[in-house]
1. Expressed as an acute angle from 0 to 90° and rounded to the nearest 10, what is the orientation of the C-alpha long axis of helix 128-138 relative to the principal long axis of the chain?
2. Using only Cα atoms, tell me the angle between helix 58-71 and the longest principal axis of the chain; keep it within 0 to 90° and round to the nearest 10.
3. Rounded, prolate or oblate: which one fits the range 142-248, using the alpha carbon gyration tensor with axes a ≥ b ≥ c (rounded when a/c is under 1.5, else prolate when a/b beats b/c, else oblate)?
4. What relative contact order, as a whole-number percentage, does the range 1-139 give when Cα pairs under 8 Å and 6 or more residues apart are counted?
5. Relative to the longest principal axis of the chain, what angle (0 to 90°, nearest 10) does the C-alpha long axis of helix 13-23 take?
6. Using a Gaussian network model of the chain whose springs link C-alpha atoms within less than 10 Å, name the residue from I166, I234, I205 with the highest mean-square fluctuation.
7. Which of rounded, prolate or oblate describes the range 143-197 when judged by the alpha-carbon gyration tensor and an a/c cut-off of 1.5?
8. Given 37 °C and 0.692 mPa s, how large is the Stokes-Einstein diffusion coefficient of the chain in µm²/s, with Rh as the Kirkwood radius over Cα pairs?
Amino acid sequence: MDRGATPGFKVNIEDQARAFLAANPDLRVTALGPRENLAEIEDPWGIPLQRWPAEDHLDRCLDYLALNRQAFPTLPLAGWVLSDIYLLSGAIAILARGDQIQAAWVGLPLKPGYRLGVSLLSTQPGLGAWAKSFGAAMFKAEVLRGVVQWSGQSLRAHTRLGPLRIVGQIPGEHEVGGFVYETVLDPEGWALAMQRRHPMRATEIVDVSDSERLNAIVQRSAAGERWFVVPPGIDEGKVGLRHESGVQ
Ligand SMILES: CC(C)(COP(=O)(O)OP(=O)(O)OC[C@H]1O[C@@H](n2cnc3c(N)ncnc32)[C@H](O)[C@@H]1OP(=O)(O)O)[C@@H](O)C(=O)NCCC(=O)NCCS
């Protein structure tokens, strides 16, 4: 998997996205959704978007459902959630090879400029963060929110778009747990994070098993303190965190 990485490194996410696709010419940036919604989605960074109208592509909708259930075996996606929420709210951002879905991300509208990301999935290392990036660009998101767990590969994938500001606890009763984060997308920081060159440094390193400390930080964040998960998120079981003075 070629990320379109160094030596042709570009400190701009748009240039880097073009380099990624040039290095992986078999991948197509794709959106799967109702025809009416697809008409409103823009080509991400001007890169031609392949549109799969859901009305004509029940097969691709079913492929997505199967892939999602494979990626999240303990959280089986219900058909009605796929239809009523994932598809009807906009579209699913996909990296495709031919008619095969290789990676996908769902960005639900939250408030102007904000998207709520769910169900990041990837079949090949190196594609997940790009699927999310192209999704954010096609929806013209400025800020992304989402839920993430402290341990695992996904914290690393999400920090490829930049540091995660900890927003607070997950509302309701969540099967997996974790915390709510947001990423403010800026083209340079995004490009740097994608290449693991983001300059933010941790002020504290916490073992991922130290749930008492991590929960306390989430609660302090919810109360207004500014805490970030620093890229690359987790390394050898330790999470890099940054506390910045002032309130959000
Ligand atoms: C979590 C998930 C989406 C990550 O997808 P991904 O494609 O591996 O994500 P990324 O694009 O960030 O790549 C991650 C890893 O790929 C590997 N990778 C990247 N470039 C690579 C390359 N050129 N060659 C080989 N491996 C490479 C690296 O290990 C990289 O980790 P890093 O961040 O330490 O560099 C995927 O594992 C998945 O689908 N998991 C199941 C569903 C899930 O839990 N989703 C998370 C929901 S919050």
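1. Helix 128-138 sits at roughly 70 degrees to that axis.
2. 30
3. On the way: a/c = 1.37, a/b = 1.28, b/c = 1.07.
Taking the square roots of the gyration eigenvalues as a ≥ b ≥ c, the range 142-248 is rounded.
4. Values: 229 pairs, mean separation 33.7, N = 139.
The value is 24 percent.
5. With rounding to tens, the tilt is 50 degrees.
6. I205
7. It is oblate, given that a/c is not under 1.5 and a/b is not larger than b/c.
8. Estimated via Stokes-Einstein, D reaches 178 µm²/s.
None of the figures in this text is laboratory data; all of them are computed from the coordinates on show. Please read these numbers as outputs of a predicted model, since none were measured by experiment. Note that each Cβ is placed from the backbone with ideal geometry, even for glycine, and that neighbours are counted across all protein chains shown.
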